[in-house]
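Data block below; observations after.
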Amino acid sequence: MDFGKIYRQWEEQQSSPKKPSTSKRIPKGDPQSDLQRDESRNNSEALRQKLEQWLDEHGTTDKDTSIEQAFDQDKATTIAANTRFKHMLPQAELDLHGLHEVEARQALQAFIDRCVAQGLEKVSIIHGKGNHSREEQVLVHVVREELEHNPHAGEFGFADGRHGGRGATWVRIR
């Protein structure tokens, strides 16, 4: 049963111009009038039955509900993945203490490349808080710049207090 065919038939019936009647109006009790009405009802009933049969065979999908369910599932999956990632310990660590800016940039780039090759997901970069610097914090700015420009570095942020606080940065590797 082809729903498209049934639908086209229905549209044709609805859109076909009504032929003007050349005869006089037939009163309700007239057998010819009753015959025309019965034929029209039978056609409508047959079409309705075909549509119901097609729907019984193929069913219907509430697209709004399906979209909402998919969105809810995606949201739940994302929340679970982010929670897992947040509680995950870094799988590798790079300590930049004592390096100058250029050395730190090179070391960081090489480190991220190695992490990508190893398939790691979360790493930690220790840059220190800058307490022993004569000027401002140099390494923390170097790390931020390099991560912002590196295509393999995803989201990143300062570590929690137990893992270095503002002296370390965690990175999601893409």
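Numerical summary
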{"read-out": "Every residue from the stretch 112-133 that is closer than 13 Å to I173 by Cα and surrounded by 18 or more Cβ atoms within 10 Å (Cβ to Cβ)", "value": "I112, C115, K122, V123, S124, I125"}
{"read-out": "Enumeration of residues in the stretch 143-174 that are of a type in the set (K, R) and not in a helix (DSSP H, G or I)", "value": "R172, R174"}
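Each reported figure results from applying straightforward, stated rules to the coordinates on display, with no laboratory input. The structure displayed is predicted, hence computed values, not measured ones. Cβ atoms come from the backbone with ideal geometry, glycine included; neighbour counts cover every protein chain shown.
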